1. Starting from the range 23-48, take each residue that is at positive phi and of a type outside the set (D, E, K, R) and list its partners that are surrounded by fewer than 18 Cβ atoms within 10 Å (Cβ to Cβ) and modelled with pLDDT under 90, counting only C-beta distances under 7 angstrom and pairs at least six apart or across chains.
2. Count, please, the residues in the range 382-400 that happen to be among the β-branched types (V, I, T) and within 36 Å of the chain's Cα centre (by Cα).
3. Determine the pairs where a residue that is within 23 Å of Y332 (Cα to Cα), located within the range 396-420, has a partner that is part of a helix (DSSP H, G or I) and open to solvent by 40 Å² or more (accessible area, probe 1.4 Å) with Cβ atoms under 6 Å apart, the partner being 6 or more residues away or on another chain.
4. All but one of (1) modelled with pLDDT under 85; (2) closer than 28 Å to S31 by Cα hold for I123; which doesn't?
5. What are the residues in the range 5-50 that are polar (S, T, N, Q) and part of a loop (DSSP other than H, G, I, E, B), if any?
6. Give the number of residues within the range 183-217 that are in contact (Cβ under 8 Å) with a residue 40 or more places away in the chain, touching a strand residue (DSSP E or B) at 6+ places or on another chain (Cβ under 9 Å) and not in a helix (DSSP H, G or I).
7. Considering each residue of the range 514-529, count those that are open to solvent by less than 20 Å² (accessible area, probe 1.4 Å), in a loop (DSSP other than H, G, I, E, B) and out of contact with any Lys or Arg (no Cβ under 8 Å at 6 or more places or on another chain), and give that number.
8. Can you pull out every residue in the range 420-430 that is modelled with pLDDT of 95 or more and out of contact with any His (no Cβ under 9 Å at 6 or more places or on another chain)?
Amino acid sequence: MASLNDIMRRFETAASVAYEWCLADDRLQWSPSAAALLGADVVRELASGRSYAARILPGGGRGRAEAVEACLSAGLAGESQQFHIRYSIRVGGHEGPRDLHLIDRGVCHFDAEGRVGRVLGLIALDGAAGVLQAAPATAHVLPNAGSGRRPLAMLVKDWLDTAGMRGDGFGVVLVGIDDLARLNDIYGFAVVDEVIEIFRRRLRAELAEDEAMGRFSVGSFGLLLRLRRDEDLADRVRAIVDAVNARPPRTERGALAAAVTAGALTAPQQAATPDDVFRCAQDALYQARHGSRGSFAIFQPAFDRAVEHRGNLLFADNIVRALDEGRVSLAYQPVALSRDRVIAFHEALVRVRGRDGYVLDGAAVIPAAERFGLTGLIDRRTLQLAFAALADDPQLTLSVNVSPGNLDDGAWIALMDSHAGDGLCRRLIVEITESARLVDIDHVRRRIDWLHGLGCRVAIDDFGVGYTSFRSLRELSVDILKIDGSFVSGLMQSEPDRHFVRSLIELAANIGLSTVAEWVLDEPTAGRLDEWGCTYLQGELIGLAAPQPLRG
C-alpha cells in the first residue's frame, strides 16, 4: 500500500505538496515542502484533519471530509476511491493571514471494515494548474467515477462555487449509453460492463487535464468542461459525441452496435445548483434521444419537464392510492352473438374513481399505467373483481384484459391458481392485448395452455394494430380473435377497411377461431359483419359499458 513517502517520491512537484490523513486518530502528516506553501508552523497548526478543515473559508468550497464521505457513499468500499476538489483556506504567516485557492486530489483507502482508513493526496495552488499538467499522467487523480450520484453532485457544487467567485462559467454534459436494457438482454451484463468501461475511457480521453468526469447512473456520465474564450459549447459537445461514437465498442465477445447520446448546458448561467444542473441536463438528454440516438442537444429553457414530472408522479400516486383505497371498480360491456344478438358474455372494464368523485375509464388510465409500470397492479385488481362478480352471479361470463408481460406476474398467477377448482375459470375469457409485442411466442403459448388447463378461453385483443401474425395465432392456439374497432367503425365508408375486416374474419374461421368485432355502431355494419361470418358483436349498437351486466 502506498505511503506518504511514495507520494512524495513519485508525484510531488515544486508546485504541489503531499499529505497523509489517518482518520482513526485524525492525524494529518505533511511533506517537508508544506511549510513553504502553508506556513512554517504547518506541522503544529495543521496536524489534524479537524484543524485543517477549520481553515476552509465559508463559501470557499467543500472540503476533504465531504469528499471522503462521498467516496463512502459511492458504494465501492474495498477499492481505493479518488476525488478531486477545489476550495479556499486561510493560513497565517509573518505578514498576516493569507487566502489560498487550492486544488486537492486525493485517494481514499478503505480498511477491512469498509471504512476509509487513510487518505493520500496532493494539494496545489489553483493557479498552478499549468505546472501540474507537466507531472506524469498517473499523478492526476481523477474525480470519483464510481457508482452513486452524490460524488458528482459535490464536484458540480465545487465548480459552481469556483465559477461564482471567478464570474465565469463551464459546460456540463450528461452522456448516456443508449438502449442499455436492450444490450443487457442481448449480450448479458458482463459484456455490457465492458461496453460501459470502454465508453468511460473514451469520454475521459476527450477531456483536458483540468476537466472532470463523474458517474451519474449505471449507464451515464457527467462531464464538466472548461469553456475557453470564444469556444462554443455545442461544437465541443459535438466533437466529444462524434469521437466516442466513431467506432463500435469492441468487447471480448467482439464488436457490437452501441452509441452514446448527450445533453448539455452552461452553468451557472442556465442552472445554479447541482439539482438544477442535473434536471436541465436530463431534459437536454431527453430532447436529444427523442430526436435521434447518437446525437446531442443543448438545454433550452423553454423545454422544462419539471412540471411534466410532477404531473406524472401525481397521476401515478393517485392510481396507487385508488387501488389501496378500493376506488377501482368494473364496468360491464355486453358482447352479443352476431346471428341472434343474444348476450354471450361481458367484457370487464376497469374504472378508477378519484377522491373528487370523477371516474376515469380504461382509455385514460391504461396508457399512463403502462408508462409508470402500474399495469400489473391494475390487471391483478381487475381479475380479483371479476372473480368476485362471477361468484355472485352463476349466469355471468366475463372477459378480462391482461398485458402479455403480466402473464408472468406471480400474484396474478397465484390468483388464477386459487380458483382452479371452483369452476369460475370456465366462465372467464382472458384477453391478451395484441398491441403489445409478444416477444417469446413459445412462452406465451405455454401460458395459454396453462389457462386452457384451468378452463379459461383465451382471446387476442385489438388484433390488427399490433405485431401478431396469423402464423403466430395458429401457434398460440387462442380461441377468439377481437378485431380492433378502428377497422370496424368506418367499414361502411371505407373500402380498404371492408376488405381488411372481411379477410380477417375469413382467415380466422379457416384456423378455427371465433371473432369479435369491436365498435359496432349501427345496423348496416352489424348486418355486413354477420353476412361475412363474424361470431360476436361489441359496441354502441349492442350496449355501452355499465355498472351492472346487461340481461337478455
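The values are calculated or read from the model by the stated rules, or taken from the named source; none is laboratory data. For clarity, every value in this text was computed on a predicted model and none was experimentally measured. Ideal geometry is used to build each Cβ from the backbone, glycine not excepted, and the neighbour counts take in all protein chains shown. Just so you know, the surface numbers come from the protein's heavy atoms only, side chains and all, with ligands and any DNA or RNA stripped out. Shrake-Rupley method; radii C 1.70, N 1.55, O 1.52, S 1.80 Å.
1. G39/V91; G39/G92; G39/G93
2. Within the range 382-400, the first condition is being among the β-branched types (V, I, T), and the residues that meet it are 382, 397, 400.
Checking which are within 36 Å of the chain's Cα centre (by Cα) leaves us with 382, 400.
Here the count works out to 2.
3. As it stands, the answer is T397/R427; L407/R447; W412/R380, since those pairs meet every condition given.
4. (1) is the only condition that I123 fails.
5. Taking the range 5-50 as the starting set, the residues that turn out to be polar (S, T, N, Q) are 5, 13, 16, 29, 31, 33, 48.
Result: T13, S31, S33.
6. Here the count works out to 7.
7. Residues of the range 514-529 that are open to solvent by less than 20 Å² (accessible area, probe 1.4 Å), as a first pass: 515-518, 520, 525-526, 529.
Filter once more, keeping what is in a loop (DSSP other than H, G, I, E, B): 518, 520.
From what is left, the residues that are out of contact with any Lys or Arg (no Cβ under 8 Å at 6 or more places or on another chain) are 520.
Going through the range 514-529 one residue at a time, the tally reaches 1.
8. Step one: of the range 420-430, the residues modelled with pLDDT of 95 or more are 424-430.
Of everything in the range 420-430, those that are modelled with pLDDT of 95 or more and out of contact with any His (no Cβ under 9 Å at 6 or more places or on another chain) turn out to be L424, R426, R427, I429, V430.
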